[in-house]
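Asker: What follows is a single structure, and I will ask about it in a moment.
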Amino acid sequence: MDFAQLEEMDGCRWSWMVWPSSRIDATRCVVPFGGLYTPLRSLPNMPPVLPYEPVVAKSGCVLNPYCRVDARAKLWVCPFSYTRNPLPPHYADISDTNLPPELIPQHTTVEYALPRRPGPPPA
């Protein structure tokens, strides 16, 4: 897949299309890692707005299609810190064939309608 197709799918443009697999590889990169995200872009394969808060790991990572999920144990693994995190109770009927929208591989971009008000801006 070329850069234009990837950008069309998610509305994201990255300086690199591969994340370094180790700290040594990251230090050898000459071009810094960066991304440009277009938040109001209309995407053809985007699911409807999700009416709940995102599931967040202890490390701060949000549940996404790149996370490993153990449907039987109701756990998911953060791809950055490799910590095991429990799935919330409203994911009780999750299975390999019944996935929530944020875990479907074609939905790499999802939008959440947060039920709480955002906090004040930093001072």
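The values are calculated or read from the model by the stated rules, or taken from the named source; none is laboratory data. The structure displayed is predicted, hence computed values, not measured ones. Every residue, glycine among them, receives a Cβ derived from its backbone with ideal geometry; neighbour counts consider all protein chains shown. SASA here: full protein model, heavy atoms, side chains in, ligands and nucleic acids out. Shrake-Rupley method; radii C 1.70, N 1.55, O 1.52, S 1.80 Å.
Asker: Ignoring everything but the protein chains, give the 1.4 Å probe accessible area of Phe33 in square angstrom, nearest 10.
Answerer: Roll a 1.4 Å probe over it and Phe33 shows about 80 Å².
Asker: Identify which of the listed values of log10 I(q)/I(0) by the Debye sum over Cα atoms at q = 0.13, 0.15, 0.22 Å⁻¹ was calculated from the structure shown: (1) -0.49, -0.66, -1.42; (2) -0.57, -0.76, -1.35; (3) -0.69, -0.91, -1.39.
Answerer: (3)
Asker: How much area per residue is accessible in the chain when the probe is 1.4 Å and only protein heavy atoms are counted (Å²)? Don't skip to the end; give the middle numbers.
Answerer: Details: 9320 Å² over 123 residues.
That works out to 76 Å² per residue.
Asker: With a 1.4 Å probe and all protein chains kept in place, how much accessible area does Ser21 have, in Å² rounded to the nearest 10?
Answerer: Counting only protein heavy atoms, the figure is 110 Å².
Asker: Now for a different question. Can you put Glu7, Glu111 in order of accessible area, largest first, using a 1.4 Å probe?
Answerer: Numbers: Glu7 45, Glu111 95 Å².
Result, largest first: Glu111, Glu7.
Asker: Same structure again: Can you compute the FRET efficiency between Tyr37 and Arg116 using 1/(1 + (r/R0)^6), with r the Cβ-Cβ distance and R0 = 22 Å? Round to the nearest 0.05.
Answerer: Numbers: r = 23 Å, r/R0 = 1.03.
Efficiency computed from Cβ-Cβ geometry: 0.45.
Asker: For the chain, give the percent of accessible area contributed by carbon and sulfur heavy atoms, probe 1.4 Å, rounded to a whole number. Display every interim value, and only then the final one.
Answerer: Numbers: 5680 of 9320 Å².
Summing carbon and sulfur atoms, their accessible area is 61 percent of the total for the chain.
Asker: What does the charge add up to near Asp70, with Lys and Arg as +1, Asp and Glu as -1, over the other residues with Cβ less than 14 Å from its Cβ? Before the final figure, lay out the partial values.
Answerer: On the way: positive: Arg68, Arg72, Lys74, Arg84; negative: Asp96.
Taking every other residue near Asp70 into account, the sum is +3.
Asker: Taking all protein chains together and a probe of 1.4 Å, list Arg84, Arg117 from the most accessible to the least accessible. List each step's numbers first, then the result.
Answerer: Values: Arg84 145, Arg117 210 Å².
Largest accessible area first, the list is Arg117, Arg84.
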